[in-house]
Amino acid sequence: MPSWSTPAPPAEQRRRYTPPVDPLDRATLALERALGPSVVDTDPTRCEPFARDESEAEGVTPRCVVHARTSDDVSVILRHCEENRVPVFPRAAGTGRSGGATAVVPGVVLDLRALSQVKELDRENLLAVVEPGVVTGTFHALVEAEGLFYPPDPQSAETCTLGGNAAENAGGPRAFKYGVTREYVLGLEAVTMGGERLRAGRRTAKGVTGYDVTGLLVGSEGTLAVFTELTLRLVPQPPLVCTLQALFATVDDAGRAVTALVGRRLVPRCLELLDTLCCQLLREAEPSLLPPGDCCMLLLELDGEHPEALERDASRLADACLHAGARSVHLARDEAERARLWAVRKRMSRALRARAASKLSEDVVGPRTRVPELLSRARAISERHRVVMPAYGHAGDGNLHVNFLWDDPADKPRVERAIEALFRATLDLGGTLSGEHGIGVLKAPFLPWEQSPALIAMQQRLKSVFDPSGCLNPGKIFPRPGHLGC
Ligand SMILES: Cc1cc2nc3c(=O)[nH]c(=O)nc-3n(C[C@H](O)[C@H](O)[C@H](O)COP(=O)(O)OP(=O)(O)OC[C@H]3O[C@@H](n4cnc5c(N)ncnc54)[C@H](O)[C@@H]3O)c2cc1C
């Protein structure tokens, strides 16, 4: 009987490789081959923490985390992901408050922390060239040791990165006098999906050649391109700093003081507010930080070169606070006391986090003159929806971190209604939804509340110029069909 069995294939054919059909598997394999397996992590346990950032956004565990080491790695990663149409989620320290770095669908997380070199410090031209993974606080210390100053100071500076700051256009307390990150990014190198490198901007003090692509990429929340280098503007470090704490009986008094100070043309470098509930919760957590009794606090800081001018401005600030109803104004006499006053502000976020199982921090901005009204609307919303809502933040910029605390997951719908009410109130007052945390995933459904359909469509067309396949950080900024207002 003839045998119809197929002859065994020759050895080299037996070993022939069958490519995986799943695009994500294909991309992962290509990346392992191009960069080496140690850079490409597919272990589910190690990938799991990359599903979250410092917000309540619920991402999915990425199938793969790639730890880029160089800008060439970034280029290779974005090329292979584009070829396989695989979503990429750029990520740095993961301190974001809006879910910007979270994976919303299975894909590749691009970890940029290892790009952490300060490449150049040009003392004469007052600039620095850095990789995006440099930790912000490390950079502050480095330039300050040279008598230079980099003003953007997110309160997460000990962990967040300059790249994450640029992507979110981060601010911080000093923004009141010095402005936000965009004002300090002179130029950058960025890689687009497909792996193409772009250089935009300048190293000079001025420059208006072509469109301001640098300005567009800063604040684009990792949706247009991935930064691999930033050229940052520095300023001389102000030699003198003076910090004051003003305590008020009510938040209305403190809010009025903010408006009054600016009305008197006083521009401290920081003007931070903690409402009564914040002070109470902080005192319960760390009794030594605040005096006993209900109060609400303004933290003010001035800087400058001339001791007499600083002293005069400090006394004008104290005067304006007392005039607005401050119970006491305290001037820090030395560095230790200054650190103690700042500890009140810096420990706020952690103290609130420890108070409840769930915490969400919004960062709405109202016109400065309407801060008292915004605070009072927030209080009314808290009462109406029965949600604990302590508020603190950069009151000089009208930027309030209104927090929502809750323990029982069943309360979440009530919290969501309170957040919506806060957004409505902010927009009614002529404000904006986010001052520094970005839109990310959490506020994407609300974009149409603030921006017209035409403006949103224009921004989506812009995104498709940089990222035609839509694979770079999808699900961020723009509302999806089915979201509110769509
Ligand atoms: C306690 C606390 C206090 C905070 N205080 C402030 C504050 O005062 N002011 C303020 O502005 N924010 C504050 N934040 C929010 C947060 O720290 C900032 O948004 C920060 O800029 C995020 O940096 P990151 O390195 O953690 O970035 P991630 O959270 O990792 O990423 C943030 C966004 O940047 C994108 N991204 C990261 N790296 C790159 C890159 N190289 N290229 C392109 N896109 C990239 C990501 O895709 C994501 O969209 C605070 C957060 C915490 C937890």
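The values are calculated or read from the model by the stated rules, or taken from the named source; none is laboratory data. Predicted model, so just to flag it, every value in this text is computed and none were measured. Note: ideal-geometry Cβ built from the backbone for every residue, glycine included; neighbour counts use all protein chains shown. With ligands, DNA and RNA removed, areas are computed over all heavy atoms of the protein, side chains included. Shrake-Rupley method; radii C 1.70, N 1.55, O 1.52, S 1.80 Å.
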**Message:** When the residues of the range 421-457 are narrowed to those that are more than 19 Å from P367 (Cβ to Cβ) and without any contact (Cβ under 8 Å) to a residue 24 or more places away in the chain, which ends up least open to solvent (accessible area, probe 1.4 Å)?
**Reply:** I456
**Item:** Residue that is open to solvent by 10 Å² or more (accessible area, probe 1.4 Å) and either in contact with a helix residue (DSSP H, G or I) (Cβ under 9 Å, 6 or more places away or on another chain) or more than 10 Å from the ligand (Cβ to nearest atom) (or both), where the choices are P154, P173
**Value:** P154
**Fill in**
Residue pairs within 8 Å by beta carbon, gap of at least six or interchain, first lying in the range 220-249 and touching a residue at least 60 places away in the same chain (Cβ under 8 Å) and more than 16 Å from the ligand (Cβ to nearest atom), second of a type in the set (F, W, Y) and open to solvent by 10 Å² or more (accessible area, probe 1.4 Å), listed first then second, are V235/Y178; T243/W342
**Message:** Testing K206 on (1) more than 13 Å from the ligand (Cβ to nearest atom); (2) surrounded by fewer than 22 Cβ atoms within 10 Å (Cβ to Cβ); (3) modelled with pLDDT of 95 or more, one condition comes back false. Which one is that?
**Reply:** (3)
**Message:** Exactly one condition in (1) touching a helix residue (DSSP H, G or I) at 6+ places or on another chain (Cβ under 7 Å); (2) crowded, with 17+ Cβ neighbours inside 10 Å is false for F89; which is it?
**Reply:** (1)
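Here's the yes/no breakdown for (1) over 23 Å from the mean Cα position of the chain (by Cα); (2) more than 16 Å from C471 (Cα to Cα); (3) without any contact (Cβ under 8 Å) to a residue 12 or more places away in the chain:
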residue	(1), (2), (3)
G36	yes, yes, yes
D53	no, yes, no
A68	no, yes, no
V88	no, no, no
G96	no, yes, no
E120	yes, yes, yes
A128	no, yes, no
**Prompt:** When you look at V118, is it in contact with a Leu (Cβ under 7 Å, 6 or more places away or on another chain), of a type outside the set (S, T, N, Q), open to solvent by 50 Å² or more (accessible area, probe 1.4 Å) and modelled with pLDDT of 95 or more, yes or no?
**Reply:** yes
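Test of understanding: among G96, G59, which residue is more than 12 Å from V226 (Cβ to Cβ), within 12 Å of the ligand (Cβ to nearest atom) and crowded, with 23+ Cβ neighbours inside 10 Å?
Details: G59 fails: crowded, with 23+ Cβ neighbours inside 10 Å.
After ruling out the rest, the residue left standing is G96.
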**Message:** Kindly evaluate E124 against the criterion of being open to solvent by 10 Å² or more (accessible area, probe 1.4 Å), touching a residue at least 24 places away in the same chain (Cβ under 8 Å) and outside the structural domain of L274 (by TED's automatic domain parsing).
**Reply:** no
**Item:** the range 75-93, subset away from the ligand (no atom under 14 Å from the Cβ) and part of a loop (DSSP other than H, G, I, E, B), residue nearest to E221 (Cα to Cα)
**Value:** V86
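Here are D72, D25: which of them is in a helix (DSSP H, G or I), more than 12 Å from the ligand (Cβ to nearest atom), more than 30 Å from A157 (Cα to Cα) and modelled with pLDDT of 90 or more?
Working: D72 fails: more than 30 Å from A157 (Cα to Cα).
Exactly one residue qualifies, and that residue is D25.
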